[in-house]
Amino acid sequence: MHGIVKVFPGVRALDGVDLDVRAGEVHCLLGQNGAGKSTLIKVLAGAHQPDEGEIRWQGEQIRLTTPMAAMKNGIATIYQELDLVDGLTVAENIYLGHEMASAGFARRGETQKAAAALLSRLGHPEISPRREVGALSAAGKQIVSMARALSHDVKLIIMDEPSAVLDQEEVARLFKVIRDLTAEGVAVVYISHRLEEIRQIGDRVTVLKDGRTVATGLAARDTPTRELTRRMTGRDIEYVFPPRQSRDGDGSVVLAVRDLSAGKEFSGVDFEVRAGEIVGLAGLVGSGRSEILETIYGARKASSGSVSVDGRTLRNGSVRAAVGAGVGLCPEERKSQGLLLDEAIYRNVSLATIGRFARGGFLNRGDEKRAATEHIKSLDVRPADVERAVRTLSGGNQQKVVLARWLLRECRVLLLDEPTRGVDVGARSEIYALVRRLADEGVAVVLVSSEVPEVLGLADRVLVLRDGVVVHTGPADDIDEHRVLDLVMEGSAA
Amino acid sequence: FVVGCTSNEPEEEENAPAAETGGDGGGNSNDEPGETVVIGFSGPEADHGWLAAVNDSAIAEAENYDDIELRTAEGTNDASLQISQIETFINEGVDAIVLLPTDGAQLTEVATRAMEAGIPVVNVDREFSTPFAARTTILGDNYGMGVSAGTYACQLIEEHGIADPVIAEIAGIDSLPLTQDRSQGFEDALAACDQTVDNRVAAEFTVESGEEQAANLLQAAPQIDIIWNHDDDQGVGVKQAFDNAGRDEFFFIGGAGSSNAMQWIQDGEMEATILYPPTQAADGIRLARLLAQNKGMSDLVQVEVPRRIVLNAPVVNADNVEDYLHLGFES
Amino acid sequence: MTSPFGRNLGLIVALLVLCAVGAATAGDRFVSTDNMLTVLRFSAVIGVVSIGMTFVIIGGGIDLSVGAIVALASVWATTLATQTMAEDTHWLIMVFVACAVGVGCGLVNGVLVAYGGMAPFIATLAMFAAARGLAEIISEKRTQIVDVRGLVDVINGEFIGIPVLIWIFAIVGAIGWVLLNRTTFGRRTIAVGGNATAARLAGIAVKRHTVLLYVVLGLACGIAAIMLTARTGTGSATHGGLYELDAIAAVVIGGTLLTGGRGTIVGTIIGVLIFTTLTNVFTLNNLDSSTQAVAKGAIIVVAVLLQQRVAVRGSDST
Amino acid sequence: MTSPFGRNLGLIVALLVLCAVGAATAGDRFVSTDNMLTVLRFSAVIGVVSIGMTFVIIGGGIDLSVGAIVALASVWATTLATQTMAEDTHWLIMVFVACAVGVGCGLVNGVLVAYGGMAPFIATLAMFAAARGLAEIISEKRTQIVDVRGLVDVINGEFIGIPVLIWIFAIVGAIGWVLLNRTTFGRRTIAVGGNATAARLAGIAVKRHTVLLYVVLGLACGIAAIMLTARTGTGSATHGGLYELDAIAAVVIGGTLLTGGRGTIVGTIIGVLIFTTLTNVFTLNNLDSSTQAVAKGAIIVVAVLLQQRVAVRGSDST
Ligand SMILES: Nc1ncnc2c1ncn2[C@@H]1O[C@H](COP(=O)(O)OP(=O)(O)OP(=O)(O)O)[C@@H](O)[C@H]1O
Ligand SMILES: Nc1ncnc2c1ncn2[C@@H]1O[C@H](COP(=O)(O)OP(=O)(O)OP(=O)(O)O)[C@@H](O)[C@H]1O
Ligand SMILES: [Mg+2]
Ligand SMILES: [Mg+2]
């Protein structure tokens, strides 16, 4: 690809990008949120038409006018926003658009067999090809997206942040699949904000900044982290966690979760969070962490047990009660659970606090925008224009908007479910600092993340979950990454 | 004979032979061209044959006169819209208005305003709720139609000596006052011979609804002696339902008097129909012209146009169908 | 979300309850074969339209013009010219004309929605007005009687003791079921309605597919028009009144989401049967139309609430 | 997506073009003040309903029962009992009764949708049948004449030279605009319709809010019922026929998405004006109803396509 330019109303998303990918290599794309990575690969996938520039494929110039054209050329894509159809089964989603059919009649048995084979290859034989995709977890959907990409006869696979919703175990499996592919000569374009992954799997790196290629062909394994981050952000980033304040047990108990169970999802969860404390939940995908947060928040009904805030028990299954008591939940899926995509940023930010900007029901929009702007700036959302519709933001920036909502809320208890999913390195450290600062101000924080280092680095105390049961509780300092992994895998080693 | 009256007494009412109009009007001094007058005409949505015939005959009538400029605002079942149409006529300052309201009571307000603005209003078919809203009223007789049907039914029962007869009624759009009037008339007339309606369904003046309702009716009543169907438009569907079910054990009486119905009567497939002529609006146009030109009705001794004309609702059956064929409208 | 089977189970229970009420209040008059056939025959026309509507709604659209298209197709198929031609050749000419008119209207709807970018509600509202107006102009607001007896005799006749109308309904239903559940066309319809972006990225020609959906519905309207024409023995601009409402109601009560992406043909068929059985039970009980309306409202509410309960149970047990 | 202003600009252009056609074909008869007032007065009743409908649709719902509610409210407000009470006290009693009936019906709709979990289409379809049936039963299908002159004289009268009906329309429009754009209620409506899950997780009482939306629309229907009652001098079970279609059409052509989460009051008002002006121009030009229907269909298509072009331009320049 050479000199690619893509202009959206008001934004020059790509401003002359060059990218060359060789057969059999894993080519990593790096860049801050909004740098243009997703846009670039959408151009390559035929989903967007470039305004300028040319694409050469195996030496010949081509025009990819539709996604179909790209697929015909052997380019398959796993998009950042899980683009699956909820109402169809797993197998149907995998073969959507290139169904196995005779004379228009779907060959269902064959399709399901082939889908099952693909899922096994990805290490997930337990996902039934006949299941409706709408009923899968985010991780399950990501697996289906990957299976879909593999279902094509491909020469190039583009993966836009495939690991964002996966845990370490899953990522390892993904890497194995990638290695198999490259061994067959398939090229892979890999996008991720996790630099460790780049080192593990990548061959060469291209860095994008503000829609331009600022570096290309860097060796993935040998380029120092500092250099990568500097090229991405234009400044030096210390990728470190803010220091914990050692004040063991001095805060009063704010959130108390007592013997909480919900159906098959989890059972007997029992912990408390003190003011100023950050408690991390670690576990594999599907271990029920999100469900625990949602149950605490009243968005799901508990089958037994209780949740109390500041000593007062919350009504089971009532979000209103939780919100009234000062609990906030930053949900896992930003698109379906968090955002009003067509609304302006400031309206999304103020959604949970709208009453604060109103007198007798009448809004003071000046105040509202000012408060939103402040948080947008502190989280480095780009572009920092609060009137912009959220839909036009990049994935990572959308995540920051959701986060900003809960920072603005000033809760007693803050439940964060994968708060840094898809957020770039620079913004991450700012988010960590912010969360820590909130805790220092006396907020009780519960953090769920699939990145174990993040849990260990940020939290004061860690709960490790396996199949909906807490298998370990203890200070974060007393446990390391390997131990956590052992626990979530074996569970018995405790 | 016809008696006209210039006073404001509303009870003045007489039957005029329905066959009086024909648009030929030869030799009548009133047909000589006068000054050109603008007449506004508004009727309900011509969604079935009878109303279409009303509109068509009105327009055709207007075309017979060089001195009439007709403004039509036909086509609505929404009283609010029809009000705004009349308001438009008032704004334009037409010389007379012929109004077949979707509902007499609902258009009374605006008709009164037109009268106050000095525009004579001719009220057709569905009556206003005050006499001050119209200069002249031409009515079909809905209640009378029901009475004719009921009386005829009683006559049939007696003639054929039917014991314990099953009587069915297929009404038109049930929420319209005119349907209520017809049903009431039917009921009252049946009461005179100690009968009641055993099964009643309401269709919507359309062929499809007629077929649908009649089919259901036939299921509800396995044996019927007399059926009165309010409207010959929907009658086409009703008849089809009878044919579909292979049922003809009853006397089939219709309403309105379409050409189809007359044909069936001639063919012996229908017992009778109650006439409800669609020429009222045409009469209205004629009268409006006379009013606007300050003329009277030359057929009358009376100098001016009468306040109220009520058309007859005669029974057409095999005996007299020849006389009425020319009045049949295409449904 | 509950499984389609769970939902349909709820609907079946609602229908059975309705039948029980019918049997209890109207006795033999309700349970007779004749009456059942009447109900089915009566369901057939609106049923065919509803099956077509199911596709459009699953595909994320809506069509307000179905009744008007039925009217236009019936009128066009019964003009003097068409009938004369049919007399000279074969009554299938009339069937062909009706279907062609339906397909043509559907094509216009589809193109306006897919390529003109108009909201389906508005595009088909325009067709709703235009098609009925055109039908009135062509028919001059007269009811056109069918003189080609072949058409009426066959379509309004019987085949192996069962009315042909019911056969057509059954066949269209079966084709609809296969099309939705067993073909790529059906699967793509769900994709287009459920997530148009995903469908586009999967390489589906979303616009073309949308056009096809409206064409399928147009064809269904053409078939319905011929059925109605044979059943009433007439073509008329008043045919198909309120079909849009009846069809959408049947589809939605059958469990299809108005937002698209989910729905079943079986649900739609049961939805149609529920509404027609209701009318039948009312008439057998000689209810006046106002009371009917109030009862209908109440019964719809009860039926849906009932259906939901059963659906939840049904899917729990699976 | 284009900005609301861009969209509304397109609508305004469409309306202006329509006015230009009116002026060109009907000359002074169209541009006279009297005629303008006639158009506005005619818009007023359906306009008030459409403004209420805008809230429900932005909130992700739909309401088919508005016409029926208008009918029921008008009938209830003109029963002998109510009128007698009004004669004895004040005609405002009738206004109160109509609004109370509207609110009551809206409440039932809202509860069925929010707490009963029924699809809005089905719940309000049930109300559509039930309310009109009830209106017929109460009125015994007679048109009830208003004898309380005070009501007719005031509401159907003038204030500073402008009909009171238009004043009411303007005031309801202004309140609607403020409510949607300047209050937390409006903001929550957009959130509920745009993403109900997100709204719920943000602590908004989605169910209660949904109920409120239907209540607001019910109130609008009550107001419209009184306006219609005064305008026609009657209460009747036939009032408000097809209002559901007209109101939804105005809202949708005004740029509100049927899927919820997006819409403007100004757009709705212009949408209403487009439809009423269209009818007015037709009347002035003496068009017969069939031709009107065909022309209406064609004009809707042209207007929407035109509006889209302008909208794209308008938003490009910002
Ligand atoms: N449909 C759109 N309309 C307008 N602007 C858009 C649109 N899509 C993307 N943009 C803008 O283009 C720029 C690049 O976005 P892109 O999604 O490519 O970023 P990214 O590098 O993938 O970021 P992230 O790491 O957060 O996913 C951003 O400024 C974004 O706001
Ligand atoms: N909508 C749903 N329907 C059925 N099962 C679900 C649904 N959502 C989640 N599950 C199941 O619940 C279990 C826990 O899901 P979930 O993935 O949310 O857990 P988690 O620990 O929060 O993982 P993560 O947040 O990393 O994805 C899994 O077995 C998942 O498949
Ligand atoms: Mg991205
Ligand atoms: Mg989770």
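Somewhere in region B:277-285, is a residue open to solvent by less than 10 Å² (accessible area, probe 1.4 Å), farther than 22 Å from B:ALA58 by Cα and not in a helix (DSSP H, G or I)? Looking for residues that are open to solvent by less than 10 Å² (accessible area, probe 1.4 Å), farther than 22 Å from B:ALA58 by Cα and not in a helix (DSSP H, G or I), one finds none in region B:277-285, hence no.
A residue that is away from ligand 1 (no atom under 16 Å from the Cβ), surrounded by 20 or more Cβ atoms within 10 Å (Cβ to Cβ) and within 14 Å of another protein chain (Cβ to nearest Cβ) cannot be found anywhere in region A:389-401. Set side by side, the residues B:SER84, B:SER129, B:SER148 differ, and just one is among the polar types (S, T, N, Q) and touching a Phe, Trp or Tyr at 6+ places or on another chain (Cβ under 6 Å), which is B:SER84. Is it the case that region D:64-74 has a residue that's closer than 30 Å to C:LEU258 by Cβ and not in a helix (DSSP H, G or I)? Scanning region D:64-74 turns up at least one residue that is closer than 30 Å to C:LEU258 by Cβ and not in a helix (DSSP H, G or I). Scanning region A:424-461 for residues that are more than 19 Å from A:ARG274 (Cα to Cα) and within 16 Å of ligand 2 (Cβ to nearest atom) gives A:SER449, A:SER450, A:GLU451, A:VAL452, A:PRO453, A:GLU454. Every condition in (1) closer than 27 Å to D:GLU244 by Cβ; (2) open to solvent by 20 Å² or more (accessible area, probe 1.4 Å); (3) more than 9 Å from every other protein chain (Cβ to nearest Cβ) holds for C:ALA114 except the one numbered (2).
Collect the residues in region A:291-328 that are open to solvent by less than 10 Å² (accessible area, probe 1.4 Å) and over 28 Å from the mean Cα position of the chain (by Cα), keeping them in residue-number order. Across region A:291-328, the qualifying residue is only A:VAL309.
Helices (runs of 4 or more DSSP H) fully within region B:116-234 that include at least 3 residues being of a type in the set (Ser, Thr, Tyr) and more than 13 Å from chain C (Cβ to nearest Cβ): B:142-160. Give me the pairs, please: first residue somewhere in region A:22-39 and in contact (Cβ under 8 Å) with a residue 40 or more places away in the chain, second residue anywhere and more than 6 Å from ligand 1 (Cβ to nearest atom) and of a type in the set (Gly, Ala, Ser), beta-carbon distance under 6 Å, and either six or more positions apart or on two chains. Close Cβ pairs satisfying both conditions: A:ALA23/A:GLY185; A:ALA23/A:ALA187; A:GLY24/A:GLY185; A:GLU25/A:ALA187; A:VAL26/A:GLY202; A:CYS28/A:GLY202; A:CYS28/A:ALA220; A:GLY36/A:GLY211.
Only strands (runs of 3 or more DSSP E) whose full extent lies in region A:444-486 are considered here, and the ones with at least 2 residues that are free of Cβ contacts under 8 Å to residues at least 24 places away in the same chain are A:469-475. Hey, any hits in region B:238-258 for a residue that's among the hydroxyl-bearing types (Ser, Thr, Tyr) and assigned to a helix (DSSP H, G or I)? No, there is no match, as no residue in region B:238-258 is among the hydroxyl-bearing types (Ser, Thr, Tyr) and assigned to a helix (DSSP H, G or I). From the list A:ARG148, A:ARG235, A:ARG194, A:ARG226, the lone residue that is away from ligand 4 (no atom under 16 Å from the Cβ), modelled with pLDDT of 90 or more and open to solvent by 20 Å² or more (accessible area, probe 1.4 Å) is A:ARG148. Within region A:97-123, the only residue that satisfies the criterion of being open to solvent by less than 20 Å² (accessible area, probe 1.4 Å), hydrophobic (A, V, I, L, M, F, W, C) and at pLDDT below 90 is A:LEU122. Please work out if A:MET146 is part of a helix (DSSP H, G or I) and either in contact (Cβ under 8 Å) with a residue 60 or more places away in the chain or within 16 Å of ligand 3 (Cβ to nearest atom) (or both). Answer is yes for this residue. Taking region A:419-467 as the range and being within 16 Å of ligand 4 (Cβ to nearest atom) and under 17 Å from the mean Cα position of the chain (by Cα) as the test, the residues that pass are A:PRO419, A:THR420, A:ARG421, A:GLY422, A:LEU447, A:VAL448, A:SER449, A:SER450, A:GLU451, A:VAL452, A:GLU454, A:VAL455. Among the residues of region A:167-191, those that are buried (at least 18 other Cβ atoms within 10 Å of the Cβ) and farther than 17 Å from A:LEU122 by Cβ comprise A:ALA187, A:VAL189, A:ILE191.
Taking the condition at pLDDT 80 or above and either assigned by TED's automatic domain parsing to the domain that holds A:VAL269 or among the β-branched types (Val, Ile, Thr) (or both), does A:VAL240 pass? No: the conditions fail for A:VAL240. Annotation: of all residues in region D:255-277 being out of contact with any Pro (no Cβ under 9 Å at 6 or more places or on another chain) and among the small types (Gly, Ala, Ser), the one that is nearest to D:PHE42 (Cα to Cα) is D:GLY271.
When A:SER163, A:SER128 are checked against the criterion of being open to solvent by less than 10 Å² (accessible area, probe 1.4 Å), part of a loop (DSSP other than H, G, I, E, B) and either within 16 Å of ligand 3 (Cβ to nearest atom) or assigned by TED's automatic domain parsing to the domain that holds A:GLU81 (or both), a single residue qualifies: A:SER163. Could you please find all residues in region D:66-111 being buried (at least 17 other Cβ atoms within 10 Å of the Cβ), among the small types (Gly, Ala, Ser) and farther than 30 Å from D:THR189 by Cα? Within region D:66-111, D:ALA77, D:ALA86 qualify.
Filtered by the rule that a residue be at the interface with chain D (Cβ under 8 Å from one of its Cβ atoms), part of a helix (DSSP H, G or I) and not β-branched (Val, Ile, Thr), region B:56-86 gives B:ALA79, B:SER80, B:LEU81, B:SER84, B:GLN85.
When residues in region A:26-54 are screened for being within 23 Å of the chain's Cα centre (by Cα) and either part of a strand (DSSP E or B) or not assigned by TED's automatic domain parsing to the domain that holds A:GLU197 (or both), 6 of them pass. Kindly provide the set of residues from region C:183-215 that are surrounded by fewer than 24 Cβ atoms within 10 Å (Cβ to Cβ), assigned to a helix (DSSP H, G or I) and more than 7 Å from every other protein chain (Cβ to nearest Cβ), ordered by number. Selection gives C:GLY186, C:ALA196, C:VAL206, C:LYS207, C:ARG208, C:HIS209, C:VAL211, C:LEU212, C:VAL215. Mind listing whichever residues of region C:124-139 are at the interface with another protein chain (Cβ under 7 Å from one of its Cβ atoms) and in contact (Cβ under 8 Å) with a residue 12 or more places away in the chain? Listed by number, the residues that qualify are C:LEU125, C:ALA126, C:MET127, C:ALA129, C:ALA130, C:ARG132, C:LEU134, C:GLU136.
Of all the listed residues (A:VAL90, A:VAL21), the sole one being within 16 Å of ligand 2 (Cβ to nearest atom) and assigned by TED's automatic domain parsing to the domain that holds A:LEU150 is A:VAL90. When residues in region A:59-83 are screened for being open to solvent by 10 Å² or more (accessible area, probe 1.4 Å), in contact (Cβ under 8 Å) with a residue 40 or more places away in the chain and part of a loop (DSSP other than H, G, I, E, B), 6 of them pass. Filtering region D:227-249 to residues that are open to solvent by 10 Å² or more (accessible area, probe 1.4 Å), among the hydrophobic types (A, V, I, L, M, F, W, C) and more than 11 Å from the chain's Cα centre (by Cα) leaves only D:LEU242.
The values are calculated or read from the model by the stated rules, or taken from the named source; none is laboratory data. Not measured: the values here are computed from a predicted model. Neighbour counts are summed over all protein chains in view; Cβ atoms, including those assigned to glycine, are modelled from backbone coordinates with ideal geometry. Each accessible area value is taken on the protein alone, full model and side chains, heavy atoms only, with ligands, DNA and RNA left out. Shrake-Rupley method; radii C 1.70, N 1.55, O 1.52, S 1.80 Å.
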